[in-house]
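Below is one structure; the comments refer to it alone.
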Amino acid sequence: MIPDQDDWLGAVRDCAAAEIACVLVTLVEVEGSAPREGGAKMVVASDRQIGSIGGGHLEHRAGEIARALISEGARGPRLERLALGPQLGQCCGGRVVLLFEPFAPRRFTVALFGAGHVGKALVAVLGGLPIRLIWIDQRADQSQRLRRPLARD
């Protein structure tokens with residue numbers, strides 16, 4: 001379900017429910033002429049964009065930055081200062097500050113202790129789930145086998 005264009009909170013919630021990484025982009029400061037007022041928001045995922053911070057090159061550049069943050073797995077917020085005329089070629093000519101807040105899907109983590117026959121059977125079942133699996137065994141002869149990737153992370 002795609003929420004209403006102004007429902008940025010619903011868009012973030014829907015992305016989280018679908019385990020899709022997204023970035024909330026907020027126009028936090030406007031100096032001079034800009035296409036939208038401070039507080040305008042949009043949500044960017046790798047394959048969609050909901051809401052608007054004003055369109056044009058500003059919105060295009062914000063989408064590029066947000067998608068780069070998603071692809072690099074960024075976790076913390078980031079501020080970007082952009083001059084609309086000189087940097088983006090927009091006729092507005094003002095300056096804006098954008099806040100990028102990444103939201104990554106949370107993966108459930110399972111720590112499995114023991115690499116015996118029960119541990120092997122559990123890894124066979126758990127390894128196909130969308131979880132982070134940590135497999136722990138203190139025996140030296142098991143350590144090499146435990147180093148291979150077990151599940152999506």
(request) Return the sequence-ordered ³J(HN,Hα) values of region 21-27 in whole Hz as given by the Karplus equation 6.51 cos²θ - 1.76 cosθ + 1.60 applied to θ = phi - 60°, using x for Gly and Pro. (result) 5, 8, 10, 8, 10, 10, 7
(request) Indicate, rounded to the nearest 5 percent, the antiparallel portion of the DSSP beta bridges found entirely in the chain. (result) 85 percent
(message) Taking θ = phi - 60°, what integer Hz values does the Karplus form 6.51 cos²θ - 1.76 cosθ + 1.60 yield along region 131-137, in sequence order, with x for Gly and Pro?
(response) 10, 9, 10, 10, 10, 10, 8
(request) Would you calculate, for the chain, the mean residue ellipticity at 222 nm contributed by helices, counting each DSSP H stretch of 4 or more residues as -39,500 (n - 2.57) and dividing by all residues, to the nearest 500? (result) -8500 deg cm²/dmol
(request) Only Lys, Arg, Asp and Glu count, each charged at its Cβ (+1, +1, -1, -1), so figure out the dipole size of the chain about its Cα centre, rounded to 20 debye. (result) 820 debye
(message) Could you tell me which residue out of Val96, Val118, Ala16 lies farthest along the dipole of the chain toward its positive end? Charges go on the beta carbon: Lys and Arg +1, Asp and Glu -1, centred on the Cα centre.
(response) Val118
(request) Output the Cα-based Rg and Dmax of the chain in Å, rounding Rg to one decimal and Dmax to a whole number. (result) 21.4, 68
(message) If you take every residue apart from Pro102 with its C-beta less than 12 Å away from the C-beta of Pro102, what net charge results, scoring Lys and Arg +1 and Asp and Glu -1?
(response) +1
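Each value in this text was obtained by applying a stated rule to the coordinates, not by laboratory testing. In this text, all values refer to a predicted model and were calculated from it rather than measured experimentally. When we count neighbours, we look across all protein chains shown, and the Cβ atoms used for this are built from the backbone with ideal geometry, even at glycine.
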